[in-house]
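Peer 1: Shown below is the structure under consideration.
The values are calculated or read from the model by the stated rules, or taken from the named source; none is laboratory data. All values reported here derive from a predicted model rather than from experimental measurement. Cβ sites come from the backbone with ideal geometry, for glycine too, and all protein chains shown count toward neighbours.
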Amino acid sequence: MSDLTGNDPLAIICGGGSFPGAVADAVARRGRRPVLFGIRGWADAAVVERYAHHWIAIGQAGRFFRLARAENCREVLFIGTVLRPPIAQLRLDWRTILLLPRVVAFYRGGDDKLLSGVAAVAESGGLAVVGVKDVAPEIFVPEGVLGRYRPTERDQTDIARARAVIAALGPYDVGQAVIVANNNVLTVEAAEGTDNMLARIAELRRLGRVTAPPGTGVLVKAPKPGQDRRFDLPSIGPRTIENVARAGLAGLAVVAGSTMIAEAEATAAAADREKVFLVGVREEPAP
């Protein structure tokens, strides 16, 4: 695990969303210097440019390694949203071209295979790849209920079923979220992401295709079994809560200690405002 109080700068490769900024803030509070590498077309300039930073394009491994060495970085962390472009659209520099056979191999697979391949490329440049929990454990959901509302016995049954579905689908590298109502699986997250999945449930309710009454059903988010915890962990924020309410669900359950939370106080306040529950559940031991 990374030394949380180390003085060596931490390279943070930033995709979209607010989490790159949250991680950089947490790292800086611990007295460590974050150096942000914003991915063009994805990272938010308002987030990246608050700290020492550089801009890179997907496929510029050589440029990244040169800049990271110049900044005296020995560790790198990947955080934020990025969708893989077609490999023909990558702007490859010479270092990446030399790695192209490896890049093609890990590009032909699910997200877990892709991210593991990206980590191997980073390590080939002499950098240690760390996860968010190594450097900013405080931005994870704690165990227990956040807010005033608690899951009912029926909700607990739905939570258990959703977790079983995620565990069963894990070997197929399928998404990290499932919605269950009255013990019926309504949807499994795929390429659309959690917010779009919730919008789909709201639309299905409007069309009468979801017959469970409003206030029934749960969204569960959890890492996939065997997932590399350095990458792509589940995350929630105030908008997630608002979309859970719009979908007519009773609440949201996530795995404590393995799910990132943006604006924890605002997220709990949103749950109270929308009258839905938010709970961090204990991670089940691997079989």
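Peer 1: Run Thr187 past the list (1) touching a residue at least 24 places away in the same chain (Cβ under 8 Å); (2) over 17 Å from the mean Cα position of the chain (by Cα); (3) buried (at least 18 other Cβ atoms within 10 Å of the Cβ) and report the number of the one that doesn't hold.
Peer 2: Going through the list (1) touching a residue at least 24 places away in the same chain (Cβ under 8 Å); (2) over 17 Å from the mean Cα position of the chain (by Cα); (3) buried (at least 18 other Cβ atoms within 10 Å of the Cβ), Thr187 breaks only (1).
Peer 1: Sticking with this one: On the given criteria, is Leu233 touching a residue at least 12 places away in the same chain (Cβ under 8 Å), assigned to a loop (DSSP other than H, G, I, E, B), outside the structural domain of Ala26 (by TED's automatic domain parsing) and hydrophobic (A, V, I, L, M, F, W, C)?
Peer 2: yes
Peer 1: Going through the range 159-184 one residue at a time, which ones are under 18 Å from the mean Cα position of the chain (by Cα), β-branched (Val, Ile, Thr) and not in a strand (DSSP E or B)?
Peer 2: Ile166, Val174
Peer 1: Within the set of pairs 6 or more residues apart or between chains, which connect a residue that is in the same structural domain as Ala253 (by TED's automatic domain parsing) and in contact (Cβ under 8 Å) with a residue 40 or more places away in the chain inside the range 144-162 to a residue that is in a helix (DSSP H, G or I) and among the acidic types (Asp, Glu) with Cβ atoms less than 8 Å apart?
Peer 2: Gly147/Asp272; Arg148/Asp272; Tyr149/Asp272
Peer 1: Residues that are at pLDDT 60 or above and surrounded by fewer than 19 Cβ atoms within 10 Å (Cβ to Cβ): find the helices (runs of 4 or more DSSP H) completely inside the range 97-143 holding 3 or more of those.
Peer 2: Result: 111-124.
Peer 1: Being in the same structural domain as Asp158 (by TED's automatic domain parsing) and free of Cβ contacts under 8 Å to residues at least 24 places away in the same chain: is that true of Glu242 here?
Peer 2: no
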